[in-house]
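The values are calculated or read from the model by the stated rules, or taken from the named source; none is laboratory data. The model shown is predicted, which means the values in this text are computed figures rather than measured ones. Here the Cβ is made from the backbone with ideal geometry for all residues, glycine too, and neighbour counts use every protein chain on show.
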Amino acid sequence: MNYKRLLPILFITLTACGGSDDDNSGGNGGSNPPTIINSNKNDTGYDKRYGRLEFPRLASSNSVVIIHTTADNVDPDRVNYSVEWDYQKKSQRWTCYQMTKAATKQSTKRYSDNPQYPIDPDLAKINPSYYFDVPSADYSQRDYFWGSGFDHGHICPSYDRLYSKEANYQTFFLTNMQPQYNNFNAGLWLNMENFVQKVASALATTDTMWVCKGGTIGNVKLNGKEEYGILQYIKEKLIVPKYLFSTFIVKKNGQYGAFAFWAMNENKDRSYEALNSYIISIDELEQRTGIDFFCNFPDDIENRCEAMTPDQICTAWKNYGQFN
């Protein structure tokens, strides 16, 4: 890929999203200067990391936030990725994380030990009953994905966390999984992941990408109407999302760009399809999911990035992924 050739195309749209560099975050951390207007940011009284720029607005009930950290210093707060877990539905609402140049370094291999998909030890510390508590010595009996016909669908991908063995291992926790048909997981969803990785691979040391992904575990709103967002339940317990989504804001040389993806979890091969049909604005994604994404950004940057249209998004990123 000729990176220099792509820059003019990219920054035409990034400038429209937000030209200022006044978030004063350096790509990390949670606090904003008092002169910056931010009307919908998270309360950071319990944990200042709730103010990190990748975080959506936290739910007001039935949820716990799990922040996975590592011993390395890729992130100033040593944060790997974070999850909001709905302990009533026993499902994740989202996973969020940052991509930087340091985070794209590949220093280890994909985790492959047993159990392949461990129960999240941090969730177990909070309350063991927040995951499915099946009294069985057979680990596979506690992991409802096995034999269900659905993949363990990574939300923070293993490939995005190859900079350390510990970081990669944590991506295999069950709290970072959503059931996906293999055709979807290894097809359209993989194409989306590859696109995000290509954008991340072009980041400079001063650039940052803030990512949030997940699946629908309740009602969604499509075309102004409420719709059931759950495809089915595995063993009448584990939610299978009907839709999967991905969104990011990226800062590159002080310019901001955005992206949002929405697709149905279908058992058919869509690996050959362009991403264009699945791109929506972040504003639209918020309407569909009820999640307030990127709430910790200054309002001016947040509002402009979230209003980017599908056409603007596709124009900005068409050379980084499977776009028409």
Completion exercise
Across segment 265-295, the tally of residues that are out of contact with any Gly (no Cβ under 6 Å at 6 or more places or on another chain) and either touching a residue at least 40 places away in the same chain (Cβ under 8 Å) or assigned to a loop (DSSP other than H, G, I, E, B) (or both) stands at 21
Exercise for the section: Kindly check whether there is at least one residue in segment 142-152 that is of a type outside the set (Phe, Trp, Tyr) and either farther than 20 Å from PRO179 by Cβ or in contact with a Leu (Cβ under 7 Å, 6 or more places away or on another chain) (or both). Expected result: yes
Exercise for the section: Write out, first by first residue and then by second, each pair whose Cβ atoms fall under 6 Å of each other, whose residues are 6+ apart or on separate chains, and whose first residue, in segment 156-181, is under 12 Å from THR95 (Cα atoms) while the second is in a helix (DSSP H, G or I) and not hydroxyl-bearing (Ser, Thr, Tyr). Expected result: CYS156/ASN176; PRO157/GLU193; THR171/ARG161; THR175/LEU123
Completion exercise
When restricted to LYS90, LYS109, the only residue buried (at least 16 other Cβ atoms within 10 Å of the Cβ), among the basic types (Lys, Arg), over 17 Å from the mean Cα position of the chain (by Cα) and modelled with pLDDT of 95 or more is LYS90
Handout entry: Number of positions in segment 221-261 that are touching a Lys or Arg at 6+ places or on another chain (Cβ under 7 Å) and within 19 Å of CYS295 (Cβ to Cβ)
Key = 3
Exercise for the section: For segment 155-165, indicate whether the set of residues that are more than 23 Å from ALA274 (Cα to Cα) and of a type in the set (Val, Ile, Thr) is non-empty. Expected result: no
Completion exercise
Filter segment 228-279 for residues that are crowded, with 20+ Cβ neighbours inside 10 Å and among the β-branched types (Val, Ile, Thr); the one that is nearest to GLY187 (Cα to Cα) is ILE279
